[in-house]
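Quick notes on the structure that follows.
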Amino acid sequence: MSQQVPQPTPSRPGQPGQMTAVMRAVAPVTGPKVLRIGLVQGGKVIEERVIKQRTHVTIGPSEKSMFVIPSKSIPPSFRLFELVGGEYFLNFLDGMTGRVAFKAGVSELSALKSSAKRAPASNGNAYQVQLTEEARGKIVVGETTFLFQFVAPPPVQPKPQLPVSVKTGIANDIDWTTTIIAAFSFLFHFGAVGSIYSDWMDPVVDDEVDVAALLESVKQLPPPPVVEQPKENPDAPAASAAPAAEAPKAAGGGNKGAAAGPAKGSGGMSDARASALTNELAQLDMQMLGALNSSGNATASVLSSGDVPTGLLENAAASGSGVGKGGVAGLNMGGAGGGTVRPGAAGGGGLASIGNTGASGPATAGSAQTVKGPVGNAQVGGAAVSGGSVSNAPSIVAGMTAGFRRCYNKGLQEDPSMKGSVRITAKIGPNGEVISATPSGGSGLSGTVVSCVVARVQSAQFAPPEGGGATVVIPVTFVSQ
């Protein structure tokens with residue numbers, strides 16, 4: 001069973017074919033037509049261009065022209081097709097040839113000169129002919145031929161669009177609500193942990209204030225209870241009461257304006273007992289000052305190491321006490337004078353020898369004597385220059401002496417008996433810089449000293465040598481004084 005294949009309907013002469021009719025129906029012409037120009041050289045079409053935007057078409061040897069051709073008979077940028085009032089005009093010169101096909105027929109350029117309009121040009125007058133959208137033709141300029149015709153404008157190409165799979169990146173796959181909640185949670189928890197381990201909430205610690213508060217709290221301790229002595233003789237109450245009655249009189253005899261009765265302190269304590277307790281508290285302050293240092297409870301360590309603020313010792317010394325021996329706690333600050341106690345001011349033992357750890361000699365209060373080590377000297381010999389002349393070589397080498405001496409003194413701290421000599425060979429570059437410094441000899445010197453001397457030479461800057469380079473030999477001798 002054979003299948004019938006439809007045969008195409010033959011077209012009559014002068015009638016467009018079926019495919020042409022379909023293309024014309026599908027592609028409607030919108031807007032005015034545009035120029036289509038072909039460039040022919042040596043019988044070959046080397047360029048074809050559709051001028052999508054209606055504008056001037058220029059030719060010439062200039063790079064600014066739309067079509068660049070190697071011809072000296074035309075201006076650098078000649079308007080071959082000029083757009084005037086929305087219509088194209090053909091401009092041609094006397095040296096140009098060709099033909100133009102209009103709707104009425106084909107005409108040579110030489111025949112169009114009589115009806116053409118004259119237009120000024122840079123190298124003479126040009127001929128100007130108006131073109132319609134049905135016009136086509138060729139223009140010969142030297143060895144280049146321009147073919148032109150008017151065609152429908154090409155359809156506007158849509159902008160390239162990325163596929164949806166490419167547009168949707170990783171940002172669209174993230175659950176932003178959960179991500180933001182997790183971020184704030186991390187910030188909160190790590191911030192809480194950081195605040196726990198930070199010290200910005202800790203109170204400021206002041207050693208002097210803390211020690212002063214401790215001493216003040218000790219002073220506020222209540223006095224010990226008074227232990228009553230048992231009565232040995234109950235038959236003589238008057239004899240035991242007589243001394244008790246005489247004691248207030250002795251205490252108040254120095255001040256006639258005081259009350260005649262027995263003066264009592266807090267808790268019924270007598271003035272003598274209160275004075276004794278005050279003296280004991282002052283002695284306890286001094287013992288605590290000695291106990292708060294890092295080397296023991298000696299007052300000399302307190303003053304030498306500085307563990308206890310000296311303001312506390314000044315206050316204790318000014319609380320109605322001088323320096324002496326005895327007392328309840330072994331250190332009596334109960335002198336009658338006021339103000340700051342100066343060690344040794346009262347003579348004798350006291351605090352005059354605090355800080356003096358030797359058997360004899362003056363009190364130095366912790367001073368130390370420094371033992372001075374050996375001092376070295378560097379002797380630099382005359383610099384030998386070869387390979388070129390360096391104008392300031394002697395002065396530059398002489399200026400290195402102080403640096404050599406510092407290197408030697410550092411080495412003497414490690415080995416006080418070190419001495420010797422070394423020769424440094426320095427190669428000078430064309431700009432006066434030191435390209436390399438090589439030591440030789442160096443007997444009796446440590447590697448640290450030699451390296452230090454080489455580094456000093458490498459940091460020097462000489463004048464540019466004549467001839468582009470030079471070599472300077474520097475002998476150095478080190479002796480201790």
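The values are calculated or read from the model by the stated rules, or taken from the named source; none is laboratory data. Note that this is a predicted model, so its numbers are computed, not measured. Just so you know, the surface numbers come from the protein's heavy atoms only, side chains and all, with ligands and any DNA or RNA stripped out. Shrake-Rupley method; radii C 1.70, N 1.55, O 1.52, S 1.80 Å.
Using the structure shown, list the pairs from K44/K72; K44/K113; K44/K103 with a Cα-Cα distance above 26 Å, or answer none. Could you put the intermediate results ahead of the total?
On the way: K44/K72 22 Å; K44/K113 29 Å; K44/K103 28 Å.
Distance filter (> 26 Å) returns K44/K113; K44/K103.
Per residue, how much accessible area does region 411-481 show when a 1.4 Å probe rolls over the protein heavy atoms, in square angstrom? Show your work: numbers first, answer last.
Working: 3480 Å² over 71 residues.
Per-residue value: 49 Å².
Using a 1.4 Å probe and ignoring any ligands, DNA or RNA, find the accessible area of H189 and quote it in Å² to the nearest 10.
About 110 Å², ignoring ligands and nucleic acids.
Tell me, what HN-Hα J-couplings in whole Hz come from the Karplus equation 6.51 cos²θ - 1.76 cosθ + 1.60 at θ = phi - 60° for each residue of region 445-453, using x for Gly and Pro?
Calculated HN-Hα couplings, in order: 9, 7, x, 5, 5, 5, 5, 5, 5 Hz.
How much accessible area does R79 have with a 1.4 Å probe, in Å² rounded to the nearest 10?
Number for this one is 100 Å².
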